[in-house]
Every structure is written in structure tokens, then in C-alpha cells.
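This report refers to the structure that appears directly beneath it.
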Amino acid sequence: MLSCGSFDRGFLKKVSGAVEDEYRCQVITEECHLDLSPYYNPARRQYDGDRLLNQIPACTTSEYFKIIGLFRVDLYIPILTYIFGQAILGRQLAIASVFRLRNELYGLKQDDDILLSRTIKEVIHELGHTFGLVHCHNLSCVMRSSTYAEEIDLKGAALCPSCRSIYLSNPTLP
């Protein structure tokens, strides 16, 4: 996991621990020092998720099986107003952002527990796509699509039995 912004070590440790528990693989957290200014779109006041996703491999010299960049900025792709995260299906790369996962953005009181829960779900969700998992219709599955932060709150942080079966049958697992 690439920390692309200033994150508390304890926060990152909890996120990486949840990912390790769900996917049963080691997670290494590394800091990423990426200049985000080339990815900023002043007309939208957001950062281009497509371009950032493609830049992730240049942020590390290490060889990782999967890479997810965790950001603090507001992300978009051209066809959507905003995104919580993005991944390349069945490939190595994913990104996620805590920006729209924060209660304060919606006029609510800051809640670090909710932010952590949403971040864990979003990171596990995006990594699921890198393992070839598509959106699931099971209401409690972490692979259920979420358009709003409240929808993230309603689903679990784990793969449903069907998605778990697909994940475990993946011949490219580490």
C-alpha cells in the first residue's frame, strides 16, 4: 500500500491489517512522494483518477504483487462527478482516497472510526477488482458498488461466500 499523503501510522496499520486478514497476504506500507499538481484539474477542483492510477508504478522501485495508492485528495474520472477509488480489473493497480469518506465533507461531526471503516472497505473493494472481482449484488459484500458514503456504511468489510470462492479460485494468487 502506497501512502500518498500524510496518514497516521496507526491508521495505516489498521487498514493494512484488515487487508491482510481479508486477502490472507502480507501488506507492506510504503510512503509515496508524488507531486500531485500535474493531476489537478482546476476547472473541476479535483484530481484525475485515471492519470494518477497510471502513475502509481513510478512511485515505488519495489516489486509488489498488487499496489494500491491511498490519497487524501478529491478524485474524479471524466465520466463521473467523483470516485472513492478505482482499479484495473484483474491487473496490479488500484487507488483510493479518504477525501469523500470523511463525515466533515457532509456537514457531520468528524468520526475517525467511521473514516477508518470506510477506508478499509474501499481499499479491500478496490483490491478485489485487481484480483478480478466485479461488483456484487449481495448487500453485505464489500464488492457491492457504492455511489455514496452511506452505502459504504451499509455493507460489510468482507467478501461474500460467492466472491470469496472466486477469489480463492484465482490461479495468480501469491
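Read-outs throughout are calculated quantities, based only on the coordinates presented, and are distinct from any laboratory measurement. Note that the structure is a prediction, hence the values are computed from the model and not measured. Positions of Cβ are backbone-derived with ideal geometry, glycine not excepted, and every protein chain shown enters the neighbour counts.
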Within the set Leu139, Leu80, Leu70, GNM on the chain using Cα springs under 10 Å gives the largest fluctuation to Leu80
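Need one number: the % of Cα-Cα pairs in region 2-168 sitting beyond the 23 Å mark. Mind dumping the intermediate values first?
On the way: 4723 of 13861 pairs.
Everything past 23 Å amounts to 34 percent.
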If the cut-off is a Cα-Cα distance under 22 Å, which lysines reach Lys66, setting aside same-chain residues fewer than 8 apart in sequence?
Lys13, Lys14, Lys121
Residues with beta-carbon under 10 Å from that of Pro38, excluding Pro38: net charge, scoring Lys, Arg +1 and Asp, Glu -1?
-1
Amide proton proximity set for Phe131, modelled H, under 5 Å, gap of 5+
Gly90
Can you give the helix-only mean residue ellipticity at 222 nm for the chain, where every DSSP H stretch with n ≥ 4 adds -39500 (n - 2.57) and the sum goes over all residues, rounded to the nearest 500 deg cm²/dmol?
-9500 deg cm²/dmol
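Got the relative contact order for region 2-168 handy, in percent, Cα pairs under 8 Å and 6 or more residues apart?
Details: 279 pairs, mean separation 30.3, N = 167.
Relative contact order, region 2-168: 18 percent.
Would you mind ranking Ile88, Ile95 by Cβ crowding within 10 Å, fewest neighbours first? Don't skip to the answer; put the middle values down first.
Working: Ile88 15, Ile95 29.
So the ranking, lowest neighbour count to highest, is Ile88, Ile95.
Indicate, rounded to the nearest 5 percent, the antiparallel portion of the DSSP beta bridges found entirely in the chain. Mind dumping the intermediate values first?
Working: 7 of 19 bridges.
Once the DSSP bridges in the chain are tallied, antiparallel ones form about 35 percent.
Which order results if Lys14, Lys121, Lys155 are arranged by neighbouring Cβ count within 10 Å, fewest first? Could the numbers behind the result be given before it?
Details: Lys14 15, Lys121 25, Lys155 20.
Lowest to highest Cβ neighbour count: Lys14, Lys155, Lys121.
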Which Cys in the chain stand alone, with every other cysteine's Cβ at 4.7 Å or more from theirs?
Cys25, Cys163
